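Written below as structure tokens is the structure these notes are about.
The values are calculated or read from the model by the stated rules, or taken from the named source; none is laboratory data. On a predicted model such as this, the values are computed, not experimentally measured, just so you know. Positions of Cβ are generated from backbone atoms using ideal geometry, with glycine treated the same way; all protein chains shown enter the neighbour counts. When the accessible area is computed, the model is the full protein with side chains, heavy atoms only, and any ligands, DNA or RNA have been set aside. Shrake-Rupley method; radii C 1.70, N 1.55, O 1.52, S 1.80 Å.
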Amino acid sequence: MSTQRRHGHRTRATLATALAGGLLATGLAGCGSDGEQTGDANGTLVFGISADPAQMVPWTATSTQSIQVLSQIYSPLLNTDAEGVPEAGLAELPEISEDGKTYTFTLREGVTFGDGSDLDSADVKHTYEKIIDPASSASSASYFANVAGIEAPDPRTVVVTLKQPDASFVSGLTGVNTAIVPSDVDAKSLETKPVGSGPYQFKSRTPNESITLTRNADYYAGEPGAATVEFRVIPDEQSMVSSLKTGSVHMAIFDNPVTAKTATSGQTESMTVDSLSYHVLQLRATSPTLKDPNARLAIQCAISRQDVIDSAALGAGKPSGPITSPEFRSDPEAQPCPEQDLDKAKDYLAKAGKPDGFTLNLMTSQGLYSTAVDEAQNIQAQLGKVGIKVNVEALDSNAYVERWLAADFDAAIAMNGGSSDPNTMYSRYFTKAGSFNKVAGYSSPELDKLFADGIATTDTAARKPIYEEISQHLVDQAAWVWLFTPEMYVVANKSVEGLEERADASIATLWKASVS
Amino acid sequence: MGAFGRHPVARRFGEAAVTLVGVSILTFVLLRVVPGDQITAAYGTAAGDLSPEQLQALEAYYGVNEPLLSQYLGWLGGVLTGNLGVSATSHLSVLSMTAQSLPNTVELAVLAIMIGLALGIPGGMLAASRPGRARDQISQVTSLVALSVPSFLLAAVVSSWLVNTVGWYPNGEGYRTLSEDPGLNLQQMLLPALVLGISIAPPILQTTRAAILTVRSEDYVRTARAKGVSGRRLQVRHILRNALIPVVTMSGLQFGFLLGGALVVEQIFAIPGIGRQVLLGLEQKEYAVVQSTVLVIAVMFVLVNLLTDVLYRLVDPRVRVQ
């Protein structure tokens, strides 16, 4: 067929699916104030996306595009502020009982869904119970793992009882994946006709071409700026750049600094934002080559994180430790080798009984995000300096995901989603019972205890030292080698006004922007 | 089968049916050999968070919990009764998706083949008119260059040049079909058709040139010349018409390829054609979408080949006699 005959060319997804995790944790920000409306109140804002949203029901949304679109249509119970910290949304921040097991939410009054029906406690109860129901296959079900029961004593009150205290529970309620759906609408029909209480309402969809939304004038946080938002599918990055330059697309987000630079012209402005997600060299301590912590520390010491950023990500990132949650962020310098130290790396190799190095099989992905293969090659070159021979295996995204889930690798280049809660980020990886512990390949009784303490403590100030200790334990053992948090580029036409600057690439506050 | 089975047309149809079954089996098997399934495609690494109950529900939803043979027969049975399956992503039937995407691909293919012929045939005639001389060499080199440049590169260079000089890029506007907005549609089709036309012109040019050179040394051309036929009449009626037979074959093949969806070009210029439908199906591991769409493409290919045979008969009376 013509594809084989002509030259194969794989376009990269503008944003990786893995990033979804990072965006999950961030919801709508800034409620209560009216959006800035300096532009044309009847304008259409065209937002370019690289792929058609794959899921349209909030609790199944995992692709970046789905999250971007659905965050305009739906509202979660709680929002996050521009820094990613949970704040009031459809409900006030909950009152938590003494024993940390009962959460009482008071809903805002007068919120309605796009179909005109009231949003009350029955809808919240319905949504959360749907998520917990295995038949829904909700990706957000794990947020509710500790939930014992949900009650709706009156239309404005929701009471959630937990089996045990879970300090990370609240952060799970801030994302699109737990956004509230109307209880009187069949979940099946939401797949083709979403009904939410967000700033925009679903109007129409042409598969693989566009999704059009119209303003919800009754949006509880203020009147949205643009009358219409169109998500337009433009799969090719170059084509997206051309569309931005000619003004046919108003806004797009890139993870590639070079593309973002070419897209910036007299008509457009580029905004650099951080991301909660992180790039990491995952080591599996359970694999024979990496059993010895000294072997893993040798790898940590032989790698200059800045070098990885400069060569693979073209400077678009910041060195990072394990935790990226804004309130609990790890000090990137607090690790045995904050800078590359080849002598120390050789010492560790000698301690591991492998003074001449060893061979490491490193798996990386093609097509998930743009820098994965370059990172692997850079690390291959860096580790070569201390005699660690790296075999890079670059896999197609589906093959990579399958091997990753099966924990069928020694080391892997990965980009994992972050969260505003550190327990959500890592208990799944580094506790014995975590769903990804086999993939992470490391656990210890100390960590299990620390994670248990961290989740049983609801006071943020009291939690901080616990997660500091967890973070320190992880880097001291070189459970993985954390590389960097990437930067994202929001490129917008100059006619777009009132766009809120955020710490992340979430477009949950897109409703504040308008087009002149 | 008897006498019917020996009839050339009936035999062609029989062959076509066997080809299509072969294509469907190959697509079915290949899709399942490639790592990953619809669940990992949709959930990515988050699939590891799914509980066993959730996984079971999903497998039943996507129909991947059934034995392979019943999956295949179920799909084939559906196809034979006009049900090409449903996309789990867009919730549309593959039939209605194809009804939207196929006309776009056909339009693009027709425009591209027109451009290819308009460049290739005169180019081939020009080259053949003085073999070995400057004009021949220039057209040969030009066609070699056109053949070697990857279409994605040509597409990127041409479009970014136009954007930066005149600020024109119609493909950034939402796609409009020919009936919705003919003016915008033709603008949106121009660049992709040009890029595709340029990439299929070289083989047409080469075939035309070779055919003309062969035909020119035929006895009947000498006879015609001896009878005093010359100039345009000789070139067109006696030489070009006979030289067109291999050109028709070549163009038919190229057109068949184009109908399979110019995947890369459709992707770059955001043309919602059948090639992109297959690609998106592949990315999401939507088995029904890929299997049915590939089958549609195979049917088109077979049909175009049959049509090419008919065209032969029009161009070449000798085939009719045989």
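For the stretch B:29-181, just the Cα set please: Rg and Dmax, both in angstrom.
Considering the stretch B:29-181 through its Cα atoms, Rg and Dmax are 24.3, 75 Å.
Can you give the three extents of the C-alpha atoms in the protein assembly as shown along their principal axes, from longest to shortest, in whole Å?
Dimensions of the protein assembly as shown along the principal axes of its Cα atoms: 111, 71, 64 Å.
Just for the Cα atoms in the stretch B:107-217, what are the lengths along the principal axes, largest first, rounded to whole Å?
Principal extents (largest minus smallest coordinate, Cα): 53, 30, 19 Å.
How much of B:VAL248 can a 1.4 Å solvent probe reach, expressed as accessible area in Å² and rounded to 10?
Accessible area, nearest 10 Å²: 30 Å².
Tell me the Kirkwood hydrodynamic radius of the stretch A:83-162 in angstroms, computed as one over the mean inverse distance between distinct C-alpha pairs.
For the stretch A:83-162, inverting the mean 1/r across all distinct Cα pairs yields 13.6 Å.
Using alpha carbon centroids, what distance separates the stretch B:196-267 and the stretch A:402-442, in Å?
61 Å
Kirkwood Rh and Cα-based Rg: tell me the resulting Rg over Rh for the stretch A:252-316, rounded to two decimals.
Radius of gyration over Kirkwood radius for the stretch A:252-316 works out to 1.18.
Answer with one residue from A:GLY367, A:PRO322, A:ALA167: the one whose Cα lies farthest towards the positive end of the charge dipole of the protein assembly as shown, charges on Cβ with Lys, Arg +1 and Asp, Glu -1.
Farthest towards the positive end: A:GLY367.
Within the P(r) computed for the stretch A:312-398, what percentage of the Cα pairs occupies the region above 20 Å?
Roughly 51 percent, rounded to a whole number.
When the Cα centres of the stretch A:258-290 and the stretch A:118-188 are compared, how far apart do they sit, in Å?
Here the two parts' Cα centres lie 32 Å apart.
Return one number: the angle in degrees, 0 to 90 and rounded to the nearest 10, between the long axis of the Cα atoms of helix A:372-384 and the longest principal axis of the Cα atoms of chain A.
That works out to roughly 20 degrees.
If the convex hull of the alpha-carbon atoms of chain B is projected onto planes in all directions, what is the mean projected area in square nanometres?
22.8 nm²
For chain B, what is the charge dipole size about the Cα centre, in debye to the nearest 20, if Lys and Arg each add +1 at the Cβ and Asp and Glu each add -1 at the Cβ?
Here chain B has a charge dipole of around 2520 debye.
Hey, if you drop one equal point scatterer on each alpha-carbon of the stretch A:393-444 and run the Debye formula without solvent, what base-10 log of I(q)/I(0) do you get at q = 0.16 Å⁻¹?
With no solvent term, the Cα-only Debye profile gives -0.50.
Ignoring ligands, DNA and RNA, please state the percent of accessible area on the stretch A:186-292 from carbon and sulfur, probe 1.4 Å.
Carbon-and-sulfur percentage of accessible area, whole number: 48.
How much length is gained on full extension from B:ARG133 to B:ALA60, taking 0.36 nm per residue of separation minus their Cα-Cα distance?
The B:ARG133-B:ALA60 span can extend by a further 19.5 nm.
From the mean inverse distance of alpha carbon pairs (Kirkwood) and the Cα radius of gyration, derive Rg over Rh for the stretch A:240-371.
Radius of gyration over Kirkwood radius for the stretch A:240-371 works out to 1.09.
Give me the angle, in degrees from 0 to 90, between the Cα long axis of helix B:274-283 and the longest principal axis of the Cα atoms of chain B, rounded to the nearest 10.
Roughly 40 degrees, rounded to the nearest 10.
Could you let me know the centre-to-centre spacing of the stretch A:342-396 and the stretch A:201-239, using Cα atoms, in angstrom?
Centre-to-centre (Cα) distance: 44 Å.
Between A:LYS385 and B:LEU253, how many nm apart are label points set 7 Å from Cα along the C-beta direction?
Between A:LYS385 and B:LEU253, the simple spin-label model gives 5.4 nm.
In a Debye calculation with equal point scatterers on the alpha-carbon sites of the stretch A:368-510 and no solvent, what is log10 I(q)/I(0) at q = 0.17, 0.19 Å⁻¹?
-1.13, -1.24
So how do B:HIS91, A:HIS279 rank on accessible area, 1.4 Å probe, biggest first, that is with the largest at the start?
Heavy-atom accessible area, descending, gives B:HIS91, A:HIS279.
Which whole-number percent gives the relative contact order of the stretch A:455-516, counting Cα pairs below 8 Å spaced six or more residues apart?
So the answer I get is 23 percent.
Roughly how tilted is helix A:445-456, in degrees to the nearest 10 and between 0 and 90, from the longest Cα axis of chain A?
20 degrees
Using R₀ = 51 Å, calculate the FRET efficiency as 1/(1 + (r/R₀)^6) where r is the Cβ-Cβ separation of A:THR157 and B:THR142; round to 0.05.
Between A:THR157 and B:THR142 the formula returns 0.10.
Nothing charged except the Cβ atoms of Lys and Arg (+1) and of Asp and Glu (-1): what's the magnitude of the dipole of the stretch A:59-201 about its Cα centre? Round to the nearest 20 debye.
Dipole magnitude for the stretch A:59-201 comes out near 400 debye.
Sketch the reach of a paramagnetic label on B:VAL110 as a point 7 Å from Cα along Cα-to-Cβ, and name the residues of the stretch B:289-303 whose backbone nitrogen lies under 19 Å away.
Within reach of a label on B:VAL110: B:297, B:300-303.
Leaving ligands and nucleic acids out of the surface, order B:TRP161, A:TRP482 by accessible area at 1.4 Å, largest first.
B:TRP161, A:TRP482
Once you have the Cα-Cα distance between A:GLU191 and A:SER516, take 0.36 nm times their residue separation minus that, and quote the gain in nm to one decimal.
Answer, rounded to one decimal: 113.7 nm.
How high is the relative contact order of chain B? Use alpha-carbon pairs under 8 Å, at least six apart in sequence, and give a whole percent.
This gives 25 percent for chain B.
Using Cα-Cα distances under 8 Å and only pairs 6 or more residues apart, what relative contact order does chain A have, in percent?
24 percent
Relative to the Cα centre, what is the charge dipole magnitude of the protein assembly as shown, using +1 at the beta carbon of each Lys and Arg, -1 at the beta carbon of each Asp and Glu, and rounding to the nearest 20 debye?
Here the size comes out at about 6100 debye.
Multiply the residue separation of A:GLU393 and A:ASP343 by 0.36 nm, subtract the distance between their alpha-carbon atoms, and state the gained length in nm to one decimal.
Result: 15.2 nm gained on full extension.
Straight-line reach only, C-alpha to C-alpha below 17 angstrom: list the aspartates and glutamates that A:LYS203 could link to, leaving out same-chain residues fewer than 8 apart.
A:ASP52, A:ASP115, A:GLU191, A:ASP218, A:GLU230
What is the spin-label model distance, in nm, from B:GLU53 to A:ALA433 if the labels are put 7 Å beyond Cα along the C-beta direction?
1.7 nm
Which of A:ALA148, A:ALA461, A:LEU474 sits farthest toward the positive end of the charge dipole of chain A, with +1 on the Cβ of Lys and Arg and -1 on the Cβ of Asp and Glu?
A:LEU474
Measuring from label point to label point, each 7 Å out along Cα→Cβ, what is the A:GLU92 to A:VAL258 span in nm?
My value for the distance between the label points is 5.4 nm.
Accessible area, 1.4 Å probe, largest first: how do A:LYS188, A:LYS261 sort?
Order by accessible area, largest first: A:LYS261, A:LYS188.
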